[in-house]
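To start, the structure under review is shown below, and the notes come after it.
The values are calculated or read from the model by the stated rules, or taken from the named source; none is laboratory data. Just so it is clear, the structure is predicted and the values come from calculations on it, not from any experiment. Ideal geometry is used to build each Cβ from the backbone, glycine not excepted, and the neighbour counts take in all protein chains shown. Protein only, heavy atoms only, side chains kept; ligands, DNA and RNA dropped before computing areas. Shrake-Rupley method; radii C 1.70, N 1.55, O 1.52, S 1.80 Å.
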Amino acid sequence: MAVLPIRIVGDPVLHSPASLVEEIDDEIRALVADMFETMDAAPGVGLAAPQVGVPLRIYTYSHFDDDEQPWRGVIINPVLWMIPLEPGEPDEDLESEGCLSFPGERFPLRRSERVLVTGVDLDGAAVRIEVDGWRARIMQHEFDHLDGIVYIDRLSDGDWKTVQKITRKRGWGRPGQSWLPGVDDLEA
């Protein structure tokens, strides 16, 4: 297993829809193992394959369930359903999120409170996950990456302007930029 470089906003792989996984083979299993290693080293609560430069519909996740037990897994070729968003502005304290591809920053973003995700696991077995709250946020965030959407693409105009200033200041926004968890001094 290895920690992989995480792509930073501006890399084309982050802004293009990912392809379906046609076959779960040893290469896919190794990729998923490396994704877990990378996610844990970052540290993060989710990681999509495009974030490590692989344009495939795979993401890993790690958090806690309602009983504070570890909740961790991988979903391959996921499909996402969600209840409609509650109208209004997001709560800055309760609805802010960050992203390993825009490290060190957090912005408020309204997400659906409940989702259903289906797909398959590394063994090709069907997966069905119905979650709410923070776990629903994780599912939506990682699923967005598979469609070429980074969470900053969904921000309000005011926050978007702040994102643009940060991007210019840090020299991001160009293809090929990445950071290596555990080596580079960045946090998401």
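From largest accessible area down, sort Arg135, Arg114, Arg72, Arg168; use a 1.4 Å probe on the protein chains.
Values: Arg135 25, Arg114 85, Arg72 110, Arg168 160 Å².
So the residues, ranked largest to smallest area, are Arg168, Arg72, Arg114, Arg135.
Among Pro12, Pro87, Pro70, which one moves the most in a GNM of the chain with springs linking Cα atoms closer than 10 Å?
Maximum among the listed residues: Pro87.
How much FRET efficiency would the formula 1/(1 + (r/R0)^6) give for Val183 and Ala33, where r is the Cβ-Cβ distance and R0 is 30 Å, rounded to 0.05? Intermediate values should be presented prior to the final figure.
Values: r = 19 Å, r/R0 = 0.63.
Efficiency computed from Cβ-Cβ geometry: 0.95.
How much solvent-accessible surface does Asp121 expose, in Å² to the nearest 10, with a 1.4 Å probe and all protein chains in place?
40 Å²
Please give the contour-minus-distance gain from Phe64 to Ser96: 0.36 nm per residue of separation, less the Cα-Cα distance, rounded to one decimal in nm. Each step should come with its number before you reach the end.
Details: separation 32, 0.36 × 32 = 11.52 nm, distance 1.79 nm.
Full extension from Phe64 to Ser96 adds 9.7 nm.
Starting at the first residue of region 55-69, write each ³J(HN,Hα) from the Karplus equation 6.51 cos²θ - 1.76 cosθ + 1.60 with θ = phi - 60°, in whole Hz, x for Gly and Pro.
x, 10, 7, 9, 9, 10, 8, 7, 7, 10, 8, 5, 9, 6, 8
Under the 0.36 nm per residue contour assumption, what length would be gained going from the current alpha-carbon distance of Asp132 and Ile166 to full extension?
Working: separation 34, 0.36 × 34 = 12.24 nm, distance 3.11 nm.
Taking Asp132 through Ile166 to full extension adds about 9.1 nm, to one decimal.
For the residue pair Glu22 and Met82, what label-to-label distance in nm results when each label sits 7 Å from Cα along the Cα-to-beta-carbon direction?
My value for the distance between the label points is 3.1 nm.
Gap in Å between the Cα centre of region 113-188 and the Cα centre of region 19-73?
That distance is 12 Å.
Obtain the nm distance between the two label points defined at Asp159 and Thr118 by a simple spin-label model: each point lies 7 Å from its Cα along the Cα-to-C-beta direction.
My value for the distance between the label points is 3.1 nm.
Can you bin the chain into rounded, prolate or oblate? Criterion: square roots of the alpha carbon gyration tensor eigenvalues sorted a ≥ b ≥ c, rounded for a/c under 1.5, prolate for a/b above b/c, oblate for the rest.
Note, shape of the chain comes out oblate.
If you roll a 1.4 Å probe over region 42-188 with all protein chains in place, what percent of the accessible area is carbon or sulfur?
Percent of accessible area from carbon and sulfur atoms in region 42-188: 49.
When ligands, DNA and RNA are left out and all protein chains stay put, how many square angstrom of accessible area per residue does the chain have with a 1.4 Å probe?
51 Å²
Heavy atoms of the protein only, probe of 1.4 Å, neighbouring chains included. What is the accessible area of His141 in Å², nearest 10?
That residue has around 10 Å² of solvent-accessible surface.
Roughly how big is the chain's charge dipole about its Cα centre, with Cβ charges of +1 (Lys, Arg) and -1 (Asp, Glu), in debye to the nearest 20? Walk me through the numbers before you get to the answer.
Numbers: 18 positive and 35 negative charges, 171 e Å.
Charge dipole of the chain: 820 debye, to the nearest 20.
Please return the longest range in the chain lying between exposed loop sites, taking GluC sites (Glu not before Pro), DSSP loop only, at most 13 other beta-carbon atoms within 10 Å, and leaving the sites out.
Working: sites that count: Glu22, Glu23, Glu68, Glu92.
Segment 93-188 is the longest.
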